[in-house]
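What follows is one structure encoded as structure tokens, with my remarks underneath.
The values are calculated or read from the model by the stated rules, or taken from the named source; none is laboratory data. Bear in mind that the values here come from a model prediction, so they are computed numbers and not experimental data. Methodologically, a virtual Cβ is constructed for each residue, glycine included, from the backbone with ideal geometry; neighbour enumeration extends over all protein chains shown. Protein only, heavy atoms only, side chains kept; ligands, DNA and RNA dropped before computing areas. Shrake-Rupley method; radii C 1.70, N 1.55, O 1.52, S 1.80 Å.
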Amino acid sequence: MNYALITGGSRGIGRAIAERLARDGYTVVINYHSNTLAAEQTREAIESAGGKAELLQFDVTDGTAIETALTAWDNAHPGEHIRVLVNNAGIRRDGLLVFTGEQEWHDVINTTTNGFYYTTHHVLTGMLRARLGRIVNITSVSGVSGLPGQVNYSAAKAALIGATKALSKEVAARKVTVNAVAPGFICTDMTADLDEQELKKTIPAGRFGKPEEVAALVSFLCSEEAAYITGQVISIAGGMG
């Protein structure tokens, strides 16, 4: 059976990716931190559409919790491994750097960078042994070009881009690909507080993107057709960046 783990997979872009990979035939492992209701709703939506899904709760900033949860998953699935990992979990704490507190800095950095490290470090072993795997890191145009008011978020997502490029070179010989997807403004609860009408003026395409559009790109990168694509950062931002 083919398993795909999506961190932060219960809402927004993560949910869209989970639903799309389930349609692609993966048994989707939906990671979530605290919103059990949203996670259960995502699983129910996948199962009602004929797909398969499991829930796996852990905080991506807590290395011990991740190791415990993923080891338990391994023990419950002998002979199996996570074939696809989508590092999607992330948070925003926007504000000018001069007004950004230490906690706001570390929360954003730790969710993206430590979340990538802890989860990938565990899952990668199975991929290397099987000589097959797909890792897709959800970064941002903020990490590509930087956005004012998002120095912490830009730093975290830029670090993820660097990690993507470096790791791709380490594991390519074992048929594991590592790529990054850099969304621009996407209609989710994470962007609900933004001035969409004003921001659309800065987007050549003239609109915010849809989570399903990001999910379609992730689906392709996880497919056999994308086996020769690795170490790349692909923007999906309507012409921004």
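Summary of computed values
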read-out	value
Test result for S219, in a strand (DSSP E or B), touching a residue at least 60 places away in the same chain (Cβ under 8 Å), closer than 16 Å to I13 by Cα and under 16 Å from the mean Cα position of the chain (by Cα)	no
Complete set of residues in region 148-173 that are outside any helix (DSSP H, G or I) and open to solvent by 50 Å² or more (accessible area, probe 1.4 Å)	P148
Every residue from region 16-51 that is among the basic types (K, R) and under 16 Å from C222 (Cβ atoms)	R20, R23
Test for L21: is it among the aliphatic types (A, V, I, L, M), out of contact with any strand residue (DSSP E or B) (no Cβ under 8 Å at 6 or more places or on another chain) and in a helix (DSSP H, G or I)	no
Of all residues in region 56-87 being of a type in the set (A, V, I, L, M) and assigned to a helix (DSSP H, G or I), the one that is surrounded by the most Cβ atoms within 10 Å (Cβ to Cβ)	I66
Within region 150-167, considering residues that are β-branched (V, I, T) and in contact with a helix residue (DSSP H, G or I) (Cβ under 8 Å, 6 or more places away or on another chain), the one farthest from T139 (Cα to Cα)	V151
Region 88-115: number of residues that are small (G, A, S) and assigned to a helix (DSSP H, G or I)	1
Residue list for region 194-211, restricted to those being within 25 Å of G25 (Cα to Cα) and surrounded by fewer than 17 Cβ atoms within 10 Å (Cβ to Cβ)	K210
Cβ pairs under 9 Å, 6+ apart, first in region 68-86 and closer than 21 Å to L21 by Cα and touching a residue at least 60 places away in the same chain (Cβ under 8 Å), second part of a helix (DSSP H, G or I) and open to solvent by 70 Å² or more (accessible area, probe 1.4 Å)	H81/R129
Flag for A53 being surrounded by 16 or more Cβ atoms within 10 Å (Cβ to Cβ), more than 15 Å from L85 (Cβ to Cβ), among the small types (G, A, S) and in contact (Cβ under 8 Å) with a residue 60 or more places away in the chain	no
Verdict on T191 being surrounded by 14 or more Cβ atoms within 10 Å (Cβ to Cβ), farther than 26 Å from E67 by Cβ, over 14 Å from the mean Cα position of the chain (by Cα) and not basic (K, R)	yes
Among the residues listed as N75, N87, the single one being modelled with pLDDT of 95 or more and closer than 24 Å to S168 by Cα	N87
Leading residue by the ranking (most open to solvent (accessible area, probe 1.4 Å)) among those in region 41-50 that are free of Cβ contacts under 8 Å to residues at least 24 places away in the same chain and touching a strand residue (DSSP E or B) at 6+ places or on another chain (Cβ under 7 Å)	E47
